[in-house]
Amino acid sequence: MFPIDSDSPELRTDRLLLRRWTAADRQPFAAMNADPDVMEHFVAPLSPLDSNAAADRIESHFRVFGYGLWAVQVDGGPAFAGFVGLDVVTFAAHFTPAIEIAWRLARSEWGRGYAVEAGRAVLRYAFARLRLDEVVAFTSQGNTRSERVMVRLAMTHDEADDFDHLGVPDGHRLRRHVLYRISADRWRSRQEE
């Protein structure tokens, strides 16, 4: 369905290392997932058990597809600051099948530009290495922080693409989601600027 890159490389930026997960990442991942500020735009914070299951799914995604949600390590900073990477969308929607770029960073790491810096490296990997045609991103309406990242990644939004996320209970304030896209052609044209 989507390209497999069995090398599963580490990605480097000026300040960050995007790498495969280690056992030591699970505790800070659980702490991040329990933080109500970090999880404000999710239905609920994750319990330690649910966080561990999410880490298992991330590892499984790497094994199946050869890429995934890389752990973010800050040079001279925390060994685990969160994740940024690519994830195959597993629910049915008008824009699927699709691969999304996703991120989640610990509250202490917000406001430093890490999501954009790592996101640019991930998009380079998606389009130059995996040769994807398009990458999407989505979040609940009102998550302006994530939408700003999407805009800085040169992704575009069309209100006609917005959708009700079926994984969010009917009537919940977070059910309506915005969808952003970036095509390989748009990404390439931005590289030439």
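Name the one entry in D37, D14, D56, D50 that is out of contact with any Lys or Arg (no Cβ under 9 Å at 6 or more places or on another chain), surrounded by fewer than 17 Cβ atoms within 10 Å (Cβ to Cβ) and outside any helix (DSSP H, G or I).
D14
What number goes with the only condition from (1) of a type in the set (A, V, I, L, M); (2) surrounded by 14 or more Cβ atoms within 10 Å (Cβ to Cβ); (3) at pLDDT 95 or above; (4) outside any strand (DSSP E or B) that L179 does not pass?
All conditions are met except number (4).
Yes or no: R131 in a loop (DSSP other than H, G, I, E, B) and either surrounded by fewer than 15 Cβ atoms within 10 Å (Cβ to Cβ) or hydroxyl-bearing (S, T, Y) (or both)?
Yes; evaluated as a whole, the condition is true for this residue.
For D56, indicate whether it is in contact with a helix residue (DSSP H, G or I) (Cβ under 7 Å, 6 or more places away or on another chain) and more than 19 Å from V122 (Cβ to Cβ).
Criteria not met by D56.
What are the residues in region 48-75 that are over 16 Å from E100 (Cβ atoms) and within 14 Å of the chain's Cα centre (by Cα), if any?
Matches in region 48-75: A55, A71, V72.
What number goes with the only condition from (1) surrounded by 14 or more Cβ atoms within 10 Å (Cβ to Cβ); (2) not in a loop (DSSP other than H, G, I, E, B) that L174 does not pass?
(2)
For region 105-128, name all the residues that are crowded, with 16+ Cβ neighbours inside 10 Å and not small (G, A, S).
Once the filter is applied, which keeps residues that are crowded, with 16+ Cβ neighbours inside 10 Å and not small (G, A, S), region 105-128 yields L105, E109, Y114, V116, E117, R120, V122, L123, Y125, F127.
When both residues are 6+ apart or on different chains and their Cβ atoms are under 7 Å apart, which pairs have a first residue that lies in region 91-112 and is of a type outside the set (A, V, I, L, M, F, W, C), and a second that is loosely packed, with under 13 Cβ neighbours inside 10 Å?
P97/M1; R107/D37
The values are calculated or read from the model by the stated rules, or taken from the named source; none is laboratory data. Remember, predicted model here, so these are calculated numbers, not experimental data. All Cβ positions, glycine included, derive from the backbone under ideal geometry; neighbour counts span all protein chains shown.
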